[in-house]
Structures are given as structure tokens and as C-alpha cells.
Amino acid sequence: MLVPFNDLRRAFDRQQPALEAAALAVLRSGWYVMGEKGRTFEHDFASWCGVADCIGVANGTDALQLALSAVDAGPGKSVACVANAGSYAPIAIFAAGAQPRFVDIDEERLLIDVDAALAALDERPAALIITHLYGRLAPVERICERAAELGIPVIEDCAQAHGAERAGRKAGSFGSIACFSFYPTKNLGALGDGGACVTNDPELAARLAQLKQYGWTEKYRIGRAGGRNSRLDELQAALLSCRLPHLADDNRRRREIARRYLAGIRHPLVNLCALDDADVAHLFVIRCPLRAQLIAHLRSRGIGCDVHYPIPDHQQPAWVGLWPDCRLPVTERAAAEVLSLPCFPELTDAEVDEVIEAVNAFPGDAGA
């Protein structure tokens, strides 16, 4: 592979001494779950997001499910969400006992469509999940304002948007609860699974702290239904604390790579999305009507690429027949065309140029 889609070894090499020291300190401490390292990271990450509380959990999908349980979006209720974000939201919604109600996206940035979201709120769902996809900060302000008027909780899915910011407010500070994943490929990634919920509401923070540990109100006493075992362990918390101070610089580098692509890619069959100042370029996603041919062409040139995501949630094979009348035209068109190019902080300018050259050299026919 001439240019990898991602290379986590480079990130480790860049921060090796600090990461090894943090891991060794945890191993020597003899305390591996629910300890000082976890509390320190929760405090620091909440402060970094500009919110009052952070509750570390086992992964991003758990974060979504626990957030839904915390706002009582459970059995017999519906939750509105988009259908172009890898099916993680509906998996969490089903796990919470509720039913997804899908909302289409906008054509330009492939984020939740404001008018569609406002229409969905008028149907009074138990909650609305807003996904900040690809590192792009969704148009949350009008949606959150209307949701607050109706008393409907908004849950931000920030799994791909660590540090995305508009008008001084970061992703995660707009809704009732925000959910993060620290999967290793994320802008802030652990060396395994990890996640968190953040909130400014002390009552929701208290519920989440109980729900992530069986629903205990005190040890071995389950006082809140909907709980589970979902804890961010000390090792991952310590490693995340090492990486958090580098996140702003890493995001700047991601934006530099995205701008380089935007300036250099000039193929008539490749559609680009402008970079918003709020974005953190978790993925650099293009659209091409001949995606399969373009993928084959790039791989023949040694360029890594991937598709995020090829199957809309309402068309997943496991859920066939659940939404027979669901039509999401923009979501469905985008799913057939989106393609992600390499975009990670350790990518070199020379490698970015290799990708640009390969894309621009795409023949654009079935024989590519």
C-alpha cells in the first residue's frame, strides 16, 4: 500500500514515551477500573468540551443507549435520527427498547436536514439524535431551540466530531446529552474501545453514572432500571489523557489535509464538500457516481480508501420490512456514491499529493 487509509502505528510512534509511561503507571497502581485515572480524564474531557460533567463508558454505542435510557426514551416510544451514519443510532435505540424514526439529510453536507428534523419534532418523539458525521458539525442550533420549546431531549452523537466548534461552542455542548466514541481511529482515540457521555444537566449526569454500573444507587442495590456494565477502564482513561492535549493540533492537521484535497482534486466525476470552519475532518468524504470503478482504480495505484457508509439504516438486511414506507431520497443517493480518502494527522503532504494525483488520473469508465 503506497498510501494507507489509516496507520495507527504512526500515532503510537509519535507519542510512544508518554503512552508507555501512562500504561505502566496503571499497571503498577493495581487499580484498573473506576479509579483516579478515569476521574481525571472525565474532569479534563468535560472541561475541554465546555460542559459540566463527563461519564466514561465502555464504547460509543453504549453511550447512546445509556443516554436514551437516561432521558426515558424506552419501550413504546420513538426516537428520531438520520439513516446514513452506520446504523449505530438505531442499534442503540432498539437496545433501549424504542423504535427509530428516520429523518433525511441535506444534499450538500450529508448532515441532518433542518426542516426534516423540525417536522420530526412536531411528531413528538421521545428524543432526537443529531449526528455530527465525518467531523462536520451539524446545524444544531435551530433544532435544539425547537426541541427545548417542545420539551424533547436532544442527544448529540459526537463519535466523529471531537473538537468540532462553532461560535465558541464545541460539539457536545448543545444538546441534553452528548455521546462520544474513543475507538482507536477517532480524532481522540484509545488503544481499544471506550466512550463517554457529557452533559450540563446534573440530574442526567447522576442517572448516567448509575446506569453505566448496573443501575446501582448504592453497591449491589439496583435502584434505576435500564442499567448495564459499561465502564471506561483505567488504562484507556490514562491513554486518552495523554492524547487529549494533542487533539487540537491533530484536528488542525486534519483540516490542512482536507484543504489540500479541496485545492487539488479536479476530476469532473468527483464531487467535493466544502470545509466548514467548524469541521474537524474526521473523514474526507467525496462523492462519485462511478464509485466501484474509482475504488478499483485507487487500489490499483496503492491508495487506501473506504466507504462510510454503503447501506442506509432503513435498508439493512436484518431490518427488512420494518419501515416499508420509508423513503429517504438524499440518504439513498449518497449511500451509493460516498467514498472516504485517507485523512489522518500523520499523513504526509507527499502522500496527500499521491492521493490527489491518483483521483485526478481516474479514467472514469467501466474499464478503469
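The values are calculated or read from the model by the stated rules, or taken from the named source; none is laboratory data. All figures in this text were calculated on a predicted structure; none of them were measured in a lab. A quick note on method: Cβ atoms are made from the backbone with ideal geometry, for glycine too, and the neighbour counts reach across all protein chains shown. Keep in mind that these areas ignore ligands, DNA and RNA; they rest on the heavy atoms of the full protein, side chains included. Shrake-Rupley method; radii C 1.70, N 1.55, O 1.52, S 1.80 Å.
For the chain, which whole percent of the accessible surface, found with a 1.4 angstrom probe, sits on carbon and sulfur atoms? Present the calculation step by step, with values, prior to reporting the outcome.
Details: 7860 of 15440 Å².
Of the solvent-accessible surface of the chain, carbon and sulfur hold 51 percent.
Cα-based Rg (one decimal) and Dmax (whole number) for the range 30-113, in Å?
15.9, 52
Mind listing the long-range amide H neighbours of Ala98? Cut-off is under 5 Å, sequence gap 5 or more, other chains count too, H placed in the peptide plane at 1.01 Å from N.
Residues meeting the amide H criterion: none.
Taking just the alpha carbons, could you work out the radius of gyration and Dmax for the range 215-368, both in angstroms?
Every Cα atom of the range 215-368 included, Rg and Dmax give 20.8, 65 Å.
With charges set only on the Cβ (+1 for Lys and Arg, -1 for Asp and Glu), what does the dipole of the range 1-116 come to about its Cα centre, in debye to the nearest 20?
Numbers: 9 positive and 15 negative charges, 112 e Å.
Dipole magnitude for the range 1-116 comes out near 540 debye.
Of Ala126, Leu24, Pro342, which is farthest along the charge dipole of the chain in the positive direction, counting Lys and Arg as +1 and Asp and Glu as -1 at C-beta?
Leu24
Relative to the compact globular guide of 2.2 N^0.38 Å, what is the alpha carbon radius of gyration of the chain, as a ratio?
Numbers: Rg = 20.6 Å, N = 368, 2.2 N^0.38 = 20.8 Å.
Ratio of Cα Rg to 2.2 N^0.38 Å: 0.99.
Within the range 101-257, what percent of beta bridges assigned by DSSP are antiparallel, to the nearest 5? Working shown, then result.
On the way: 10 of 17 bridges.
Here the share of antiparallel DSSP bridges comes out near 60 percent.
Looking only at GluC sites (Glu not before Pro) in DSSP loops with at most 14 other Cβ atoms within 10 Å, what is the longest site-free stretch of the chain?
On the way: sites that count: Glu107, Glu108, Glu123.
Counting only loop sites that pass the neighbour cut-off, the longest clear stretch is 124-368.
Quickly estimate the mean residue ellipticity at 222 nm for the chain, helices only: each DSSP H run with n ≥ 4 gives -39500 (n - 2.57), and the total goes over all residues, rounded to 500.
Rounded to the nearest 500, it is -11500 deg cm²/dmol.
Of the DSSP beta bridges with both residues in the chain, give the percent that are antiparallel, rounding to the nearest 5.
Details: 22 of 37 bridges.
Roughly 60 percent of the DSSP beta bridges within the chain come out antiparallel.
In the structure shown, do any of Lys77/Lys186; Lys37/Lys170; Lys170/Lys219; Lys77/Lys219 have a Cα-Cα gap over 27 Å, and if so which?
On the way: Lys77/Lys186 31 Å; Lys37/Lys170 24 Å; Lys170/Lys219 35 Å; Lys77/Lys219 30 Å.
Among Lys77/Lys186; Lys37/Lys170; Lys170/Lys219; Lys77/Lys219, the Cα-Cα distance tops 27 Å for Lys77/Lys186; Lys170/Lys219; Lys77/Lys219.
Roll a 1.4 Å probe over the protein heavy atoms and report the accessible area of Arg221 in Å², nearest 10.
About 140 Å², rounded to the nearest 10.
I'd like to know how the range 222-288 sits against the 2.2 N^0.38 Å rule of thumb: what's its Cα Rg over that expected value?
Against the compact-globule rule of thumb, the ratio is 1.75.
Please compute P(r) over all alpha-carbon pairs of the range 289-333, binned at 5 Å starting from zero, and give each bin as a whole-number percent.
Pair shares across the bins are 5, 18, 21, 17, 13, 13, 8, 4, 1.
Which value, in Å² rounded to 10, gives the accessible area of Cys288 with a 1.4 Å probe and all protein chains present?
0
How big is D for the range 192-253, in µm² s⁻¹ as a whole number, if Stokes-Einstein is applied with the Kirkwood radius of its Cα pairs at 20 °C and 1.002 mPa s?
On the way: Rh = 13.5 Å.
Here the translational diffusion coefficient equals 158 µm²/s.
Longest span of the chain, sites excluded, free of chymotrypsin sites (Phe, Trp or Tyr not before Pro) in DSSP loop with at most 14 other C-beta atoms within 10 Å?
Working: sites that count: Trp31, Tyr32, Tyr220.
The longest uninterrupted stretch comes out as 33-219.
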